Amino acid sequence: MNKLKEYTGPLFSLLKSLPRGKIITYAIAAKIIGLQNPRNIGWILRQNDAPDRTPCYKVIRSDGRLAEGYKFGGREKQKQRLEEEGMTFDRNDRIIDFKERTESNYY
């Protein structure tokens with residue numbers, strides 16, 4: 001996994017560039033920073049030691065749901081932070097209108 005460290009800076013910069021109310025999927029983030037496997041994004045996100053400066057909570061699954069294992073307080077904390085940015089969830093914890101909220105520059 002040490003090879004992934006070179007992707008930390010680009011990923012964190014990408015997340016910091018997302019406007020309020022916008023999210024990104026693991027797959028799109030991986031594609032933008034040049035990773036083949038979107039699952040590696042999760043490993044990189046767990047290296048974040050400054051969640052208030054690097055909004056790793058903005059990364060979601062491609063189906064609009066939150067992934068398990070959000071490092072900073074679990075799934076409920078991630079959901080809370082996204083709700084603070086105006087996102088709403090259906091009863092299955094899927095972000096309503098997540099495709100419209102995904103940063104369109106990356107589709």
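Averaging the Cα positions of each part gives two centres, and for the stretch 4-49 and the stretch 52-76 these lie 11 Å apart.
Taken over the Cα atoms of the chain, the convex hull encloses 94 Å³ per residue. Backbone phi angles across the stretch 4-20, fed through the Karplus curve with coefficients 6.51, -1.76 and 1.60 (θ = phi - 60°), yield HN-Hα couplings of 6, 4, 5, 8, 4, x, x, 5, 5, 5, 4, 5, 5, 7, 5, x, 4 Hz in residue order; Gly and Pro are listed as x.
When only Cα pairs under 8 Å and 6 or more residues apart are kept, what is the percent relative contact order across the stretch 2-101?
So the answer I get is 27 percent.
Using the average count of surrounding beta-carbon atoms within 10 Å as a protection proxy, the listed peptides 24-30, 38-44 rank, highest first, as 24-30, 38-44. Equivalent-ellipsoid semi-axes for the stretch 44-107 (Cα gyration tensor, √(5λ), whole Å, largest first): 19, 14, 11.
Note on the chain: helix-only mean residue ellipticity at 222 nm, from DSSP H runs of 4+ residues weighted -39500 (n - 2.57) and normalised by residue number, equals -10000 deg cm²/dmol.
Taking amide H as placed 1.01 Å from N in the peptide plane, the amide H of residue 25 sits under 5 Å from that of 60, each at least 5 places away or on another chain. Averaged over residues, the count of other Cβ atoms within 10 Å places the peptides 51-60, 83-92, 5-14, 68-77 in the sequence 51-60, 5-14, 68-77, 83-92, highest first. Take the Cβ atoms of residue 49 and residue 85, set R0 to 22 Å, and the FRET efficiency comes out at 0.50.
Shown in residue order for the stretch 29-36 are the 3J(HN,Hα) couplings computed by the Karplus curve 6.51 cos²θ - 1.76 cosθ + 1.60 at θ = phi - 60°: 4, 4, 4, 5, 8, x, 8, 6 Hz (x for Gly and Pro).
In the chain, the longest principal axis of the Cα atoms and the axis of helix 74-84 are about 60 degrees apart.
Where a number appears in this text, it was derived from the coordinates with a stated rule and is not lab data. Everything numeric here is computed off the predicted structure, so don't read it as measured data. Note that we place each Cβ from the backbone using ideal geometry, even for glycine, and neighbour counts take in every protein chain shown.
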